[in-house]
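The values are calculated or read from the model by the stated rules, or taken from the named source; none is laboratory data. The structure displayed is predicted, hence computed values, not measured ones. Neighbour counts are summed over all protein chains in view; Cβ atoms, including those assigned to glycine, are modelled from backbone coordinates with ideal geometry.
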Amino acid sequence: MNWPDPSESYTTLGDGRVATAVECPNTLDALQDAVRRRVAEGLAIYAQGGRTSLDYGGTPLRPGVAVDMTALNRVIDYPAADMTITVESGITLGEIARTLDAEGQRLEIDAPQPDHATIGGVYATNSTGPRRYGSGRPRDQIIGVGFVTADGNVVKGGGRVVKNVAGYDFPKLLTGSLGTLGIISHLTLKVKPKPETSAIVCVGYDSIDVVAHDLARLNTSSTRPVAIELLNVPAAKRTLTEANRSLWTIVLAFEDNAASVAWQIDRIAVELSGTVQSVVQGQAIEPIRVALRDLPTANFGSVSIVANVRYSDVPVLAATVDPGLWTFQSHAGNGVIRLHSLVDDSATIEADVHRLRSSVEPSGGNLIVARCPADRKPSVGVWGSSRPDWVWSEKVKAALDPSGVMNPGRFVGKI
């Protein structure tokens, strides 16, 4: 079967590929039926939510149908006293936030574009934001999950269900799988009370060596920031309310009761060697918080990369990043570094991707290309160098999707 002509279809699968058809199920039964029918027709299955990450991962491998999950957007159960919520996967983060806000609670996931990003898409891509440092990863917030397999069956794991006989930890296994194991249908998630108040402290630096000293100092700090972000000048200009005059800025976020936040603001000024440039509190932090959260999906150049390194290696890599080529945003407390290209010289950018990758992989880090033109993906290497654990991912894929119809081509190795 050949790919459809893009001029004859309006539904993109990303990377210049288009769907042969679109399914829009609004019930679990309809989702199961759609999967069974389309797989029987020999088509691959490409689940879609808010469509905020369609170009993420490898290029779609074979013709298939887009399964639009946005009509599966209901709250199934919300026992607020139990501090859990069960939702269908097509509901947006923004709608979940509005539901929880009525009870003074929140979901501690701050993925970009919450009014577009669906909770199923957030978990499929393992999307996260600055608050990850204090709140943990998406996989730390999930209790249970249900998903539809390639044969149209519903599998449940975690939460209030009996452990699956296969022994898989499905809540964690589905997180970050890019829809290659099945279509997430519903999730049960932990929620927490909203804090009394919040603050953001911006600390400026003219030396990366002093940045390294202060990041190390934060390991033993008396304060408890929920976010530790490191920005270079291009990233700071895009996110902070005032032009940043320093080469580097550490942005710290604090959340707690008012007395605790006030004490931490005073304490951090004593502990760190950088210059405190601004302190923003209460609702006034929202523009900065949103800008930092959404920076990973901001419109810069055509290439975005994500590196994962040891905490202590963040300033080491930062020192080698050219601010004329890249914005630099690091969830520094977690060793996650996000770069967006500032120029469209593909040869220069690709060479620099390989240079940066060669500097992080020997110490156990990795570097993936989160976004780039489809024709550059083979040469730039979306997932980096092959690793031994890819073999195990391929075995899990073979066990749950032996015919390889779920989002083929997007994930690592042969997945």
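Within region 19-35, residues that are among the charged types (D, E, K, R) have Cβ atoms under 7 Å from residues that are surrounded by fewer than 16 Cβ atoms within 10 Å (Cβ to Cβ) in no pair, counting only partners at least 6 apart in sequence or on another chain. Among the residues of region 322-358, those identified as part of a helix (DSSP H, G or I) and not small (G, A, S) are N334, T348, I349, E350, D352, V353, H354, R355, L356, R357. Scanning region 283-304 for residues being in a helix (DSSP H, G or I), of a type in the set (S, T, N, Q) and within 21 Å of W383 (Cβ to Cβ) gives a total of 1. Residues that are crowded, with 16+ Cβ neighbours inside 10 Å, more than 18 Å from the chain's Cα centre (by Cα) and either more than 22 Å from T348 (Cβ to Cβ) or charged (D, E, K, R) (or both) within region 280-310 comprise V280, Q281, I285, I288, listed in sequence order. Just one residue in the set A81, A71 is in a loop (DSSP other than H, G, I, E, B), of a type in the set (A, V, I, L, M), assigned by TED's automatic domain parsing to the domain that holds F147 and surrounded by fewer than 16 Cβ atoms within 10 Å (Cβ to Cβ); that residue is A71. If you scan region 223-243, which residues turn out to be among the polar types (S, T, N, Q) and touching a Phe, Trp or Tyr at 6+ places or on another chain (Cβ under 9 Å)? Listed by number, the residues that qualify are T223, N232.
Checked against the criteria, E255 counts as over 21 Å from the mean Cα position of the chain (by Cα) and not assigned by TED's automatic domain parsing to the domain that holds L93.
Per the listing G90, G58, the residue uniquely touching a residue at least 60 places away in the same chain (Cβ under 8 Å), assigned to a loop (DSSP other than H, G, I, E, B), of a type in the set (G, A, S) and not assigned by TED's automatic domain parsing to the domain that holds A370 is G58. Can V148 be described as closer than 22 Å to A30 by Cβ and outside the structural domain of V306 (by TED's automatic domain parsing)? Spelling it out, V148 is indeed closer than 22 Å to A30 by Cβ and outside the structural domain of V306 (by TED's automatic domain parsing).
Residue selection: L181 satisfies the criterion of being at pLDDT 95 or above and not acidic (D, E).
Scan region 273-282 for residues that are touching a Ser or Thr at 6+ places or on another chain (Cβ under 9 Å) and not β-branched (V, I, T) and jot them down. Listed by number, the residues that qualify are G274, Q277, S278, Q281, G282. When region 377-415 is limited to residues that are charged (D, E, K, R) and either in contact (Cβ under 8 Å) with a residue 60 or more places away in the chain or not in a helix (DSSP H, G or I) (or both), the one that is nearest to V360 (Cα to Cα) turns out to be R387.
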